[in-house]
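Single-structure report; data block below.
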Amino acid sequence: MGFYDEISKYYDYIFPVGKPQLNFIKESAGLPPKSILDVACGSGGYSVELAKSGYLVSAIDIDDEMVNKAKEKARREGLDINVLKSDMRDIRGSFREKFHLIFCIGNSIVHLGSLDEILDTLKQMRSQLEAGGSLVLQTINYDRVIKFNVNELPTIKNDDVGLEFIRKYRYDKQQKLINFDTVLTVDRGSEKEVYKNSINLLPVMSADMMRLLKEAGFGEIKLYGDFNRSPYDENSFMLVVQAKNQ
């Protein structure tokens, strides 16, 4: 069983829908009804909220349990969301229609194995956007991580369910990859559930992201330090990108 299969029942407690993220996506898409694709949708929280607001939403994730969770949420809310199990590297093969907005947040795109894979994925995203459509991406700010040797992200706690999610970074200079080590602990009173995982992440620097977006054909590329549109700099915790399909 994969790590995300194991933690899927706790996913919404670890990564609840954020109002700044939701507002940023809506502002980038424009007024509903607009068509939106949620890439690496997780348990579908953002897809559901966007569909509730009148957007026409499709969503993909590579993990079976996340896809099942997203489908169940849509059914429970009586929403028509097209949720598919699909790899972000095969967006072109998964959809014939085009979208007004594609978004991929939650540090998801850096799970790809190389800059070439990211470039190809960005090209596919652009090919599935309407003319003038927008792309929204969000990653951790790896300029900050590498320069200041950041070795952990803030621990996520949810006291309502007795949950703690520890996230550690180990930078491999030779491989130029980050070993992302996580420990999820859920306190069940008499016992504790503990889930450990380690995966590689590709630390994409802001200059590389800008270059890849331009090479993929995007224009009007804007970088922000958060979803409140704060100016981006090397001290920003995250990198948020808004780009247009020219």
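The values are calculated or read from the model by the stated rules, or taken from the named source; none is laboratory data. Since this is a predicted model, take the numbers as computed values, not measurements. Quick reminder, even Gly has a Cβ in these numbers, built from the backbone with ideal geometry, and neighbours come from all protein chains shown. Each accessible area value is taken on the protein alone, full model and side chains, heavy atoms only, with ligands, DNA and RNA left out. Shrake-Rupley method; radii C 1.70, N 1.55, O 1.52, S 1.80 Å.
Quick notes on this structure:
- Condition met for residue 145 (touching a residue at least 40 places away in the same chain (Cβ under 8 Å), touching a strand residue (DSSP E or B) at 6+ places or on another chain (Cβ under 7 Å) and under 19 Å from residue 107 (Cα atoms)): yes
- Meets criteria (more than 15 Å from the chain's Cα centre (by Cα), open to solvent by 10 Å² or more (accessible area, probe 1.4 Å) and under 18 Å from residue 94 (Cβ atoms)) for residue 35: yes
- Residue 50 being outside any helix (DSSP H, G or I) and at pLDDT 95 or above: no
- Test for residue 123: is it over 19 Å from residue 240 (Cα atoms) and either modelled with pLDDT of 95 or more or out of contact with any Lys or Arg (no Cβ under 7 Å at 6 or more places or on another chain) (or both): no
- Residues that are more than 30 Å from residue 158 (Cα to Cα) and either among the aromatic types (Phe, Trp, Tyr) or in contact (Cβ under 8 Å) with a residue 40 or more places away in the chain (or both), drawn from the stretch 208-228: 208, 209, 212, 213, 215, 216, 217, 218
- The stretch 101-156, residues that are hydroxyl-bearing (Ser, Thr, Tyr) and not in a loop (DSSP other than H, G, I, E, B): 121, 127, 134, 139, 142, 155
- Members of the stretch 1-19 found to be open to solvent by 50 Å² or more (accessible area, probe 1.4 Å) and more than 25 Å from residue 121 (Cα to Cα), listed by number: 1, 6, 9, 12, 13, 16, 19
- With respect to the conditions (1) within 15 Å of the chain's Cα centre (by Cα); (2) not in a loop (DSSP other than H, G, I, E, B), residue 17 falls short on a single one, namely (2).
- Search result, residues across the stretch 115-161 that are hydroxyl-bearing (Ser, Thr, Tyr) and open to solvent by 40 Å² or more (accessible area, probe 1.4 Å): 155
- Look at (1) free of Cβ contacts under 8 Å to residues at least 12 places away in the same chain; (2) part of a helix (DSSP H, G or I); (3) of a type in the set (D, E, K, R) and you find that residue 193 fails only one, number (2).
- Residue check: residue 226 meets all listed conditions (1) open to solvent by less than 20 Å² (accessible area, probe 1.4 Å); (2) in contact with a Phe, Trp or Tyr (Cβ under 8 Å, 6 or more places away or on another chain) but one, namely (1).
A quick yes/no check of all residues on (1) in a helix (DSSP H, G or I); (2) within 19 Å of the chain's Cα centre (by Cα); (3) surrounded by fewer than 18 Cβ atoms within 10 Å (Cβ to Cβ); (4) in contact (Cβ under 8 Å) with a residue 40 or more places away in the chain:
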position: 42; (1), (2), (3), (4): no, yes, no, yes
position: 46; (1), (2), (3), (4): yes, yes, no, yes
position: 54; (1), (2), (3), (4): no, no, yes, no
position: 67; (1), (2), (3), (4): yes, yes, no, no
position: 76; (1), (2), (3), (4): yes, no, yes, no
